[in-house]
Each structure stands twice: as structure tokens, then as C-alpha cells.
Amino acid sequence: MKNPGIAAGLIRMHFHDCFVRGCDASVLLDSTPGKLSEKEHPANKPSLRGFEVIDEVKRELETLCPRTVSCADILAFAARDGALAVGGISY
């Protein structure tokens, strides 16, 4: 992992995604006119990080197996793998 600090960001992003209404990857959605997304909300925007990692993984998976792996699953596995990559627990 090039930036070990990104592991903490991925774990935090996963937590924020699952916190209120379940793990649905809604934290990855962009804002639309008149509707501010969780991703862009002032409580999250300066502190959530790792979106570029999720985007890269999603691009690669869509190439290998289109429309198969959900964004929520990608986020969960990224958090798990990030923790393991920096010597943390495996869950």
C-alpha cells in the first residue's frame, strides 16, 4: 500500500456508509442539483478519503466481471484489505 494512512480512511468510509441506514454504498454517490450527497456533506467532505481507491477497484472489477460486484461489497472488502495491509486485524 503506497499510503498506509489510506487504510484508516477506507475503514472510516465503510463505517460512515453503514452507520445510519445500512451498508449500501450511498457514501460513494455524487451530489445532484438540489440534493447534497453524503460524500459532499460538510461533515464528511474534509475527512472521508479513499474514494480514488474505490473508483480504481470498481473500474478493474467492471473490466473483469461487469455488473457483478456491488459497490457496497467493494467498500467492505477495501476496508478489510486495507486493515490487513497495514498489519491490522483480519475480519
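The values are calculated or read from the model by the stated rules, or taken from the named source; none is laboratory data. Predicted, not measured: the structure shown is a model, and the values here were computed from it. Don't worry about glycine lacking a Cβ; one is built from the backbone with ideal geometry, like all the others, and counts go over all protein chains shown. When the accessible area is computed, the model is the full protein with side chains, heavy atoms only, and any ligands, DNA or RNA have been set aside. Shrake-Rupley method; radii C 1.70, N 1.55, O 1.52, S 1.80 Å.
The aspartates and glutamates within cross-link reach of K39, meaning a Cα-to-Cα straight distance under 15 Å and a gap of 8 or more places when in the same chain, are D17, D24, D30, E52, D55. Approximating the spin labels as points 7 Å out from Cα along Cα→Cβ, the E56-to-K2 distance works out to 0.5 nm. Only the Cβ atoms of Lys and Arg (+1) and of Asp and Glu (-1) were treated as charged; on that basis the dipole of the chain about its Cα centre amounts to roughly 180 debye. Oblate is the label for the chain, because the ratio a/c of its alpha-carbon gyration tensor axes (a ≥ b ≥ c) is 1.5 or higher and a/b is not greater than b/c. Note on R21/S90: beta-carbon distance plugged into 1/(1 + (r/R0)^6) with R0 of 25 Å gives a FRET efficiency of 0.40.
Taking a ≥ b ≥ c as the square roots of the Cα gyration tensor eigenvalues, region 25-68 comes out oblate, since a/c reaches at least 1.5 and a/b does not exceed b/c. For the chain, the share of accessible area belonging to carbon and sulfur comes to 60 percent (1.4 Å probe, ligands and nucleic acids excluded). Average accessible surface for the chain: 67 Å² per residue, computed with a 1.4 Å probe over protein heavy atoms with every protein chain in place.
Between C65 and N44, the contour length at 0.36 nm per residue exceeds the alpha carbon distance by 4.5 nm.
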